[in-house]
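S.K.: Quick one: this structure, given as structure tokens, is what I'll be asking you about.
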Amino acid sequence: MPLSKIAGIGMYTPPNIVTNNDLMQYMDTSDEWIQERTGIQERRYAHRTEETTTTMAVEASKIAIERAGTTADEIDFIVFATLSPDYYFPGCGVLLQRAMKMKEIGALDIRNQCSGFLYAISVADQFIKTGMYKNILVVGSEKHSFGLDFSTRGRNISVIFGDGAGAVVLQPTEKENQGILSTHLHSDGESAELLAMYNPGTHANYWAAKNYADFSDEAIGDMFMSHQMIEKAQLYPYMDGQSVFKKAVVKFPEVIMEALHKNNLLPSDINMLIPHQANLRISQFVQQKLGLSNDQVYNNIQQYGNTTAASVPIALCEAWEKGKVKEGDLVCLAAFGSGFTWASALIKW
Ligand code: ACO
């Protein structure tokens, strides 16, 4: 059974840079608070009307496809991860297929938020291994800036997120000892409401009524969409940051160690860890816990913020472009986010 390799990788981030000081125009925050808590210095925001999650994905995909030495016409499957799709439905996969004038191939949309790209890679990997497809385009793209509360009320979330896209092309590898060694996917829905966007949705407060979750004031309403949702800012994401943080610092190391154990490897064998860029403090905690050096971990949240499904491919692409990921390296990808979901992948580059 052939392993799959990342044959080409690309990224796109919008040119519009938004600094922490820029955000102070809209909300009560400070560069000091944001940097101290998250490490973020700036992020990119897409053009409001001329860029979408899909158009950014197209730009990243073009680069990945070219670097893979193939063409859009040769792609035989799309896996698209995002939490900020252009439409509620259909998903961005078909919009990407249309925009890139691809053949009438399958297009799968993945809804696993910050773990989305790793879930997407894992699915694509299985299709390559079974021999069903030979050229799979895997994309993570987000246009968060269009759906955040930029008033002081939403500051704990809005300062964190940024826009951008990353893409890879997976192909079967011809070489021995190369490719995706294993992927590991997990979920625990117990805390689904701790990091969520409740509306618009079809829940009609079902989960709150069942007492499975304390929606507090964030999810009142039995309509798909209502004036109240707008007035009470219930159309924005909700996050209990501290709970997310506490779970993330446990699950990140756990899922990385799971991947290493599966392949009889140790943290010292990792050449480059690319953690989902949720918060620099989380990445630093994970690095310390695993005893990794600064050279073994790549972070770029300082420049891009948290780009959710796009963060792992953007960081991986940038690390590769800087020569920090080379042939023969052991690369570990890991993510944790809303769901909760978490995942890892171990790749011999
Ligand atoms: N600027 C200034 N003050 C702020 C801001 C801000 N942007 N945001 C919150 N505050 C204030 C709060 O109001 C609070 O004030 P108070 O003490 O007077 O009540 C104080 O700062 C502390 O707020 P906390 O929310 O407790 O701050 P915390 O230290 O937890 O940091 C943060 C918040 C950065 C969000 C952190 O909890 C975190 O990173 N959590 C993990 C996020 C994450 O990993 N998400 C997963 C990925 S996202 C996804 O999957 C979609």
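S.K.: Residues to consider are Lys322, Lys289; find the one that is open to solvent by 10 Å² or more (accessible area, probe 1.4 Å), touching a Pro at 6+ places or on another chain (Cβ under 6 Å) and more than 23 Å from Lys175 (Cα to Cα).
M.R.: Exactly one residue qualifies, and that residue is Lys289.
S.K.: All but one of (1) touching a strand residue (DSSP E or B) at 6+ places or on another chain (Cβ under 6 Å); (2) of a type in the set (S, T, N, Q); (3) more than 14 Å from the ligand (Cβ to nearest atom) hold for Ser283, so report the exception by its number.
M.R.: Failed condition: (3).
S.K.: Would you call Ser122 surrounded by fewer than 24 Cβ atoms within 10 Å (Cβ to Cβ), assigned to a helix (DSSP H, G or I) and either more than 16 Å from the ligand (Cβ to nearest atom) or without any contact (Cβ under 8 Å) to a residue 40 or more places away in the chain (or both)?
M.R.: It is true that Ser122 is surrounded by fewer than 24 Cβ atoms within 10 Å (Cβ to Cβ), assigned to a helix (DSSP H, G or I) and either more than 16 Å from the ligand (Cβ to nearest atom) or without any contact (Cβ under 8 Å) to a residue 40 or more places away in the chain (or both).
S.K.: When the residues of the stretch 23-33 are filtered to those that are part of a helix (DSSP H, G or I) and either open to solvent by less than 50 Å² (accessible area, probe 1.4 Å) or touching a Ser or Thr at 6+ places or on another chain (Cβ under 9 Å) (or both), which remaining residue is farthest from Ala99 (Cα to Cα)?
M.R.: Asp31
S.K.: Quick test of your reading of the structure: Leu95 fulfils all but one of (1) more than 16 Å from the ligand (Cβ to nearest atom); (2) surrounded by fewer than 21 Cβ atoms within 10 Å (Cβ to Cβ); (3) within 28 Å of Asn199 (Cα to Cα). Name the failing condition by number.
M.R.: So Leu95 meets the others, but not (2).
S.K.: Continuing with this model, one more query. Could you tell me which numbered condition Ile136 fails, if it satisfies all but one of (1) closer than 19 Å to Thr52 by Cα; (2) more than 16 Å from the ligand (Cβ to nearest atom); (3) touching a Leu at 6+ places or on another chain (Cβ under 9 Å)?
M.R.: Answer for Ile136: the failing condition is (1).
S.K.: What helices (runs of 4 or more DSSP H), lying completely within the stretch 131-250, carry at least 1 residues that are modelled with pLDDT under 95 and open to solvent by less than 60 Å² (accessible area, probe 1.4 Å)?
M.R.: Filter on the stretch 131-250 gives 206-209, 227-231.
S.K.: Quick check: is even one residue across the stretch 283-299 part of a helix (DSSP H, G or I), among the basic types (Lys, Arg) and under 18 Å from the mean Cα position of the chain (by Cα)?
M.R.: no
S.K.: Same structure again: Do the conditions hold for Ile256, that is, is it open to solvent by 50 Å² or more (accessible area, probe 1.4 Å) and either out of contact with any helix residue (DSSP H, G or I) (no Cβ under 8 Å at 6 or more places or on another chain) or closer than 22 Å to Ala334 by Cβ (or both)?
M.R.: No; evaluated as a whole, the condition is false for this residue.
S.K.: Now for a different question. Is it fair to say Arg37 is at pLDDT 95 or above, within 17 Å of the chain's Cα centre (by Cα) and within 16 Å of the ligand (Cβ to nearest atom)?
M.R.: When the stated conditions are applied, Arg37 does not pass them.
S.K.: Quick check on the stretch 140-169: of everything there that is within 30 Å of Ile65 (Cβ to Cβ) and of a type in the set (Phe, Trp, Tyr), which residue is nearest to the ligand (Cβ to nearest atom)?
M.R.: Checking each candidate, the answer is Phe161.
S.K.: Within the stretch 11-22, count every residue that is closer than 28 Å to Ile110 by Cα and either within 11 Å of the ligand (Cβ to nearest atom) or crowded, with 21+ Cβ neighbours inside 10 Å (or both).
M.R.: Number of matching residues: 4.
S.K.: I'd like to check which strands (runs of 3 or more DSSP E) are fully inside the stretch 34-110 and have at least 2 residues that are touching a residue at least 60 places away in the same chain (Cβ under 8 Å) and out of contact with any Pro (no Cβ under 8 Å at 6 or more places or on another chain).
M.R.: Counting at least 2 such residues, we get 42-44, 77-81.
S.K.: Can you tell me which residue is nearest to Ala120 (Cα to Cα) among those in the stretch 55-90 that are among the polar types (S, T, N, Q) and open to solvent by 10 Å² or more (accessible area, probe 1.4 Å)?
M.R.: Going through the qualifying residues, I end up with Thr82.
S.K.: Still on this structure, I have one more. Looking at the stretch 259-277, which of its residues are within 16 Å of the ligand (Cβ to nearest atom) and open to solvent by 20 Å² or more (accessible area, probe 1.4 Å)?
M.R.: Within the stretch 259-277, no residue meets the criteria.
S.K.: Can you go through Thr13, Thr19 and tell me which one is free of Cβ contacts under 8 Å to residues at least 24 places away in the same chain and among the β-branched types (Val, Ile, Thr)?
M.R.: Thr19
The values are calculated or read from the model by the stated rules, or taken from the named source; none is laboratory data. Because the structure is predicted, anything quoted here is derived from the model rather than measured. No Cβ is skipped: glycine too gets one built from the backbone with ideal geometry, and neighbour counts run over all protein chains shown. All accessible areas refer to the heavy atoms of the entire protein, side chains included, with ligands and DNA or RNA removed. Shrake-Rupley method; radii C 1.70, N 1.55, O 1.52, S 1.80 Å.
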